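Reviewing the structure listed below.
The values are calculated or read from the model by the stated rules, or taken from the named source; none is laboratory data. Everything numeric here is computed off the predicted structure, so don't read it as measured data. Backbone-built Cβ (ideal geometry, glycine too); neighbour counts: all protein chains shown.
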Amino acid sequence: TRNSVYSAPEAGNPKEHSPAMDVFSYGVLLMEMSVCQFPDVGKRVAQIKAIKRPTLKNLIEHCLIETTKIVQQCLTL
């Protein structure tokens, strides 16, 4: 399913579920917005390379200053 592209690799193992899986999913969503492409497991490596371009990397780093605070708050709930 399309939802599986947002799932952490360990999502198939109920014993490994953790809040970190939500952070992974959030990261995939941020990547989708950054590269303007729907995430595709088969293209994951290419999409990761795309976010390393200086312009996107700088934008992401700037945005993450605030989103890091949000993620930390979510993990403490």
Considering residues of region 11-40 that are within 20 Å of residue 73 (Cβ to Cβ), in a helix (DSSP H, G or I) and small (Gly, Ala, Ser) only, the residue farthest from the chain's Cα centre (by Cα): 20
Per-region count, region 3-26, residues surrounded by 11 or more Cβ atoms within 10 Å (Cβ to Cβ) and not aromatic (Phe, Trp, Tyr): 14
Subset of region 41-56 that is surrounded by 12 or more Cβ atoms within 10 Å (Cβ to Cβ) and not β-branched (Val, Ile, Thr) - its residue that is farthest from residue 72 (Cα to Cα): 43
Residue within region 59-68 that is part of a loop (DSSP other than H, G, I, E, B) and on the phi < 0 side of the Ramachandran plot present: no
Given (1) farther than 18 Å from residue 4 by Cα; (2) surrounded by 11 or more Cβ atoms within 10 Å (Cβ to Cβ), index of the condition residue 77 fails: (2)
Top-ranked residue of region 43-77 - restricted to ones that are among the charged types (D, E, K, R) and more than 18 Å from residue 23 (Cα to Cα), ranked as modelled with the highest pLDDT: 43
